[in-house]
1. Among the residues of the stretch 143-190, which ones are farther than 20 Å from residue 211 by Cβ, part of a helix (DSSP H, G or I) and touching a Leu at 6+ places or on another chain (Cβ under 8 Å)?
2. For the stretch 60-69, check the following and say yes or no: at least one residue is of a type outside the set (Ser, Thr, Tyr) and under 30 Å from residue 2 (Cα atoms).
3. Can you pull out every residue in the stretch 21-43 that is modelled with pLDDT of 75 or more and either touching a helix residue (DSSP H, G or I) at 6+ places or on another chain (Cβ under 9 Å) or on the phi > 0 side of the Ramachandran plot (or both)?
4. Anything in the stretch 185-206 that is buried (at least 20 other Cβ atoms within 10 Å of the Cβ) and closer than 26 Å to residue 108 by Cβ? List them, or say none.
5. Tally the residues that are closer than 16 Å to residue 248 by Cβ, among the hydrophobic types (A, V, I, L, M, F, W, C) and not in a loop (DSSP other than H, G, I, E, B), restricting the search to the stretch 70-120.
6. Kindly indicate which of 119, 137, 133, 53 is modelled with pLDDT under 90 and farther than 20 Å from residue 171 by Cα.
7. State yes or no: is residue 90 modelled with pLDDT under 85 and either within 29 Å of residue 184 (Cβ to Cβ) or touching a strand residue (DSSP E or B) at 6+ places or on another chain (Cβ under 7 Å) (or both)?
8. Does residue 153 fit the bill of being surrounded by fewer than 17 Cβ atoms within 10 Å (Cβ to Cβ) and among the aromatic types (Phe, Trp, Tyr)?
Amino acid sequence: MNLHAMRAIYMFEMARTWRTLLQSIIAPVISTSLYFVVFGAAIGNRITEIDGISYGAFIVPGLIMLSLLTQSISNASFGIYFPKFSGTIYELLSAPVSYVEITISYVGAAATKSIILAIIILITAEFFVPLQIDHPIWMVSFLVLTAVTFSLFGFIIGIWADGFEKLQLVPLLIVTPLTFLGGSFYSINMLPPFWQTVTLFNPVVYLVSGFRWSFYGIADVNVWVSLAMTLLFLAMCLALVAWIFRTGYRLKN
């Protein structure tokens with residue numbers, strides 16, 4: 001395995017984060033902090049507790065997951081799209097670097113940036129609401145697994161996109177709405193039975209539910225089901241990335 005090449009790609013992508021610190025880190029943290037202020041003031045006064053947890057604390061895992069999903073997709077999609085846009089992707093493909101090494105480098109950098117952001121948001125949340133983490137190992141596991149999975153998904157979007165507008169198409173029109181409707185700000189048990197069943201077809205429900213369970217020991221879906229669904233989506237993304245590199249889809253033409 002070409003560790004030198006992997007390190008070079010990884011460090012280049014990480015360096016881009018520090019060059020765009022305002023956009024990459026500060027802006028998402030400020031946006032999430034505004035969610036705490038707005039939702040805590042507007043809704044927290046009406047919904048004091050959910051399952052024995054204060055509303056402000058209840059929404060913390062959902063807000064972290066919202067930022068984690070969007071930033072993982074954004075970081076990975078732009079990371080691989082820009083070499084396509086500039087034409088340097090052909091130099092990368094002709095270099096002595098395997099497809100596996102390319103994927104690990106770009107996805108690893110995107111996941112690292114997203115995890116750093118999630119940790120900063122978690123620390124920021126401590127200033128707004130009291131937090132507890134009942135299962136820290138599970139919390140870290142869900143955090144890393146989700147970051148890697150959606151960085152892979154973003155990597156796929158970056159290869160598929162043939163314009164900058166398409167980089168935002170899936171995150172804005174699909175992922176963000178699914179996150180808001182996935183129990184980030186409420187428990188799906190609060191919904192009527194019919195809509196509870198419909199919501200279970202939303203894959204984000206399993207991510208938010210499992211992540212919230214790691215904090216407070218409460219979940220809308222069994223934690224093992226959440227883990228299985230996350231691993232299933234990861235396997236689907238890996239299979240699709242393997243197919244892309246095997247066929248050269250949007251890379252060699």
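The values are calculated or read from the model by the stated rules, or taken from the named source; none is laboratory data. Every value quoted in this text rests on a predicted model; they were computed, and no experiment measured them. All Cβ positions, glycine included, derive from the backbone under ideal geometry; neighbour counts span all protein chains shown.
1. Selection gives 156, 157, 158, 159.
2. Yes: the stretch 60-69 contains one or more residues that are of a type outside the set (Ser, Thr, Tyr) and under 30 Å from residue 2 (Cα atoms).
3. Across the stretch 21-43, the qualifying residues are 28, 29, 31, 32, 33, 35.
4. 204, 206
5. Qualifying residue count, the stretch 70-120: 6.
6. 53
7. no
8. In short, no.
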